[in-house]
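Student: Sharing a structure here in structure tokens format.
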Amino acid sequence: QVQLVESGGGLVQAGDSLRLSCAASGRTFSSEVTGWFRQAPGKEREFVSAISWSTGSTVYADSVKGRFTISRDNAKNTVYLQMNNLKPEDTAIYYCAARPSALYTDPTRYIYWGQGTQVTVSS
């Protein structure tokens, strides 16, 4: 069973940076891809970014391209989301999720989910 634990959220001002972490335990082939999603109040969960553990391939939502960077540390079984130049519209609960393969952006394709970490960006 794969377990994912997010950390690193907080309250920041517009233009600031945050780095989120997603620590994975029990990682197997069934969690080869890790993705970040976010959900703002009253909105659907949306894709942010995803990375392949084996190849390092990445994909980003257009709304975060050039501002967010996803990376992984295989030794620590941790995926990071570096978020720069944060905007108020980035405010949401951020979740990491895992699936066996392929960099899907559809959250329904992901099997394992963390509990989420709140990111609030004030203007």
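Student: Would you say residue 3 is among the polar types (S, T, N, Q) and modelled with pLDDT of 95 or more?
Tutor: It is false that residue 3 is among the polar types (S, T, N, Q) and modelled with pLDDT of 95 or more.
Student: Follow-up question, since we're still on this one. Take the residues in segment 73-115 that are of a type in the set (A, V, I, L, M) and assigned to a strand (DSSP E or B), then tell me which one is farthest from residue 20 (Cα to Cα).
Tutor: 98
Student: Across segment 32-89, which residue is nearest to the chain's Cα centre (by Cα) among those that are acidic (Asp, Glu) and under 22 Å from residue 109 (Cβ atoms)?
Tutor: Ranking the candidates gives 46 first.
Student: Something else: Which members of segment 73-117 meet the condition of being basic (Lys, Arg), surrounded by fewer than 19 Cβ atoms within 10 Å (Cβ to Cβ) and farther than 23 Å from residue 42 by Cα?
Tutor: 76 - this is the single residue of segment 73-117 that is basic (Lys, Arg), surrounded by fewer than 19 Cβ atoms within 10 Å (Cβ to Cβ) and farther than 23 Å from residue 42 by Cα.
The values are calculated or read from the model by the stated rules, or taken from the named source; none is laboratory data. Given the structure is predicted, the values throughout are model-derived calculations rather than measurements. Every residue, glycine among them, receives a Cβ derived from its backbone with ideal geometry; neighbour counts consider all protein chains shown.
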